[in-house]
Amino acid sequence: MSISLIIVGKTKEGLPFCYEDNFTLQQVNAEQMVTTIEFHTWNPLEQLQDIGFIEISFRERGILYYAFVELLHQSVSQAVCSLTLSVPHEFRTFQNRRANRIQLDARTPLTCRVIGVRKTASYQGEAFSGFIHDISAVGLSFVTNTRIFYPLFLELSFELPDDPHSYVLHGEIVRVSNYAHDSYRFAVEFRDIPEATAQLINEYCSRAQL
């Protein structure tokens with residue numbers, strides 16, 4: 001059986017580590033499961049110093065199932081990496097939603113941290129920077145040189161031009177695209193945003209359209 005693993009943590013250089021790939025499920029029992037991945041040049045997990053979280057997911061009849069697991073053991077033999085993981089007690093399901101966005105004229109910086117995956121905060125990652133491309137009351141998109149991916153859960157800290165408020169919000173990556181040869185654009189939907197904060201951002205966007 002093929003499963004997807006998302007591994008998030010910190011590299012030996014103290015940078016954010018974000019990795020996603022499809023693994024083959026080789027063995028499973030009530031206590032643990034063993035997955036393997038083949039690599040052709042080098043083992044990407046060699047960069048990993050500390051693990052923040054690991055998420056396992058798979059699709060069954062079009063429904064996505066996912067859960068957090070723990071790494072119990074890792075071994076490398078020739079060009080195969082074997083991971084022994086804990087067995088999750090339950091799986092969750094997930095659905096996306098989309099939002100319209102309003103582009104900002106000014107280059108607006110923001111600070112991000114990976115804090116989990118799919119609306120679930122479980123980790124405090126390393127900070128990295130980017131700039132906001134567009135925003136609405138339900139989400140924003142930003143550009144950064146740091147490579148991350150859907151569906152990581154982020155903490156976003158920023159201030160908007162000509163707005164006295166400071167924002168620290170949580171959001172989930174829903175779309176990724178290349179922006180330049182060394183940067184990426186990420187669309188993020190806010191999660192659990194307070195109604196008063198959503199109203200402030202909505203009023204800001206309305207003023208920007210005038």
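The values are calculated or read from the model by the stated rules, or taken from the named source; none is laboratory data. Worth saying up front: this structure is predicted, and the values here are computed from it rather than measured. Note: ideal-geometry Cβ built from the backbone for every residue, glycine included; neighbour counts use all protein chains shown. What goes into the accessible areas is simple: the full protein's heavy atoms, side chains included, and nothing from ligands, DNA or RNA. Shrake-Rupley method; radii C 1.70, N 1.55, O 1.52, S 1.80 Å.
Of the residues VAL176, VAL168, which single one is open to solvent by 60 Å² or more (accessible area, probe 1.4 Å), touching a Leu at 6+ places or on another chain (Cβ under 8 Å) and without any contact (Cβ under 8 Å) to a residue 60 or more places away in the chain?
None of the other options fit; the residue is VAL168.
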>> With the condition being closer than 18 Å to PHE91 by Cα, open to solvent by less than 90 Å² (accessible area, probe 1.4 Å) and small (Gly, Ala, Ser), I'd like the strands (runs of 3 or more DSSP E) fully within the range 1-67 carrying at least 3 qualifying residues.
In response: none
> Restricted to the range 150-162, and to residues that are in contact (Cβ under 8 Å) with a residue 12 or more places away in the chain and open to solvent by 20 Å² or more (accessible area, probe 1.4 Å), which residue is farthest from GLU203 (Cα to Cα)?
Replying inline: TYR150
> Out of the residues in the range 116-137 that are in a strand (DSSP E or B) and aliphatic (A, V, I, L, M), which is modelled with the lowest pLDDT?
Replying inline: ALA121
